[in-house]
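Inspection log for the structure reproduced underneath, given as structure tokens.
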Amino acid sequence: MLDALGLDGTEQLVYQALIRQPSASVDDLGDMTRLTPQQIHDALAALEKLDLVRPVPGPVVRYPPAPPDVALEALILRKEAELKLVRATALQLDEAYHRVLSTQHPTGLVEIVVGQKAVHERGQRLIRAARREMCAFDRPPYLDDPLATNQLELDALAKGVNFRVVYDRATLDIPGWWSGHYQSVAAAGERARVASGVPVKMYLIDGQIALVALQTKHHTIHASAIVRPSELLDALQSLFDTLWRQAVPLPQLPQLGAADPSPEDLTPARAVPTPFEATLVSLLAAGLGDEAISRQTGLSYRTLQRRVRSLMDQLGAQTRFQAGLRAAHRGWVQPPSAD
């Protein structure tokens, strides 16, 4: 089991013997393992190089092992760092290969990936490879649980990768999506907008490569296309930028509690919205109906309707359309921008 850490069978046998009898000598190890003195000396030299044993001089040299929880964990971390370098090198080689291929023949500009597992793995690789910006169209169906925390995105955001995502309105209809997924990525820095009829599921990474869903079967993505630098990639970037400008911004940190607004929150003269009001206006502007907002916020349908009515009274509006206009006039709703 320790092969992955660079220990061969003899080294593992000697190390396990030392664990059973700390501070054993070469003779002791010979009795325990039936190995020759030369094999034991070679194994001990390798273990010492890996900081797994620490020889203690004396009339008889003893070899106490380093505590496994510390020593093996250090080796694991070292291997993980090496694998990260290998992955980065593999991505660089892949990019170089396809750059050359694309200059030699147009077929290298687009690669078709078939199979749910292959599509999923390629998507994860691309997210890990992002260095500057990830632009995404997001809509059902989902390969993973849409309510789960997206750890890959959180890791990328922590590294400084800028995420811009346009969600289809159907995604916001999924019960629990707001609290199960969106709050975690929004808090980490994702900028999100919502639009009706997002045309395709797509990732655009650093403006250099895109993953576009091609075929959906049984609510899973069966085939996707990898698009490399080309006029097609430029068109996809232009499509994203256009829809981003038109989509409705989602609030970064929604503040939706179950308690009713306090009386002072409903003062007609107040010009600044409460966090609840700002979030509610944003959701209404995104086109969500009362049932969808109720599912996302956990408020009962009747409570939500009462809050919408209070908001309209606060704005002095008779219709939701009029409420939207008055909220925009007060600066409660920020118009979409290219940023």
Q: Filter the range 187-220 down to residues that are crowded, with 18+ Cβ neighbours inside 10 Å and out of contact with any helix residue (DSSP H, G or I) (no Cβ under 9 Å at 6 or more places or on another chain), then give me how many there are.
A: 1
Q: Consider only pairs whose beta carbons are under 6 Å apart and that are at least six residues apart or on different chains; among these, list those whose first residue lies in the range 221-232 and is open to solvent by less than 10 Å² (accessible area, probe 1.4 Å) and whose second residue is modelled with pLDDT of 90 or more and not in a strand (DSSP E or B).
A: 227/233
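Which residue out of 11, 80 is within 40 Å of the chain's Cα centre (by Cα) and open to solvent by 60 Å² or more (accessible area, probe 1.4 Å)?
Values: 11 fails: open to solvent by 60 Å² or more (accessible area, probe 1.4 Å).
After applying the criteria, what remains is 80.
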Q) Within the range 136-186, how many residues turn out to be open to solvent by 50 Å² or more (accessible area, probe 1.4 Å) and assigned to a helix (DSSP H, G or I)? A) 6
Q. How many residues does the range 221-241 hold that are part of a loop (DSSP other than H, G, I, E, B) and either out of contact with any helix residue (DSSP H, G or I) (no Cβ under 8 Å at 6 or more places or on another chain) or farther than 28 Å from residue 158 by Cβ (or both)?
A. 1
(Q) For the condition closer than 30 Å to residue 125 by Cα and open to solvent by less than 30 Å² (accessible area, probe 1.4 Å), what is the one hit in 29, 75, 47? (A) 75
**Q.** Residue identified as at pLDDT below 80 and either closer than 23 Å to residue 159 by Cα or not acidic (Asp, Glu) (or both) among 71, 130, 81
**A.** 71
Q) Does residue 119 satisfy the condition of being touching a His at 6+ places or on another chain (Cβ under 8 Å), assigned to a helix (DSSP H, G or I), within 30 Å of residue 212 (Cβ to Cβ) and at pLDDT 80 or above? A) yes
Q. Among the residues of the range 189-222, which ones are under 18 Å from the mean Cα position of the chain (by Cα) and under 20 Å from residue 283 (Cα atoms)?
A. 189, 190, 191, 192, 193
**Q.** Residue that is within 21 Å of residue 92 (Cα to Cα), without any contact (Cβ under 8 Å) to a residue 60 or more places away in the chain and either among the basic types (Lys, Arg) or not in a helix (DSSP H, G or I) (or both), where the choices are 131, 125
**A.** 125
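The values are calculated or read from the model by the stated rules, or taken from the named source; none is laboratory data. In this text, all values refer to a predicted model and were calculated from it rather than measured experimentally. Please note: Cβ atoms are built from the backbone with ideal geometry, for glycine as well, and neighbour counts cover all protein chains shown. Areas reflect the complete protein model, heavy atoms only, side chains present, ligands, DNA and RNA absent. Shrake-Rupley method; radii C 1.70, N 1.55, O 1.52, S 1.80 Å.
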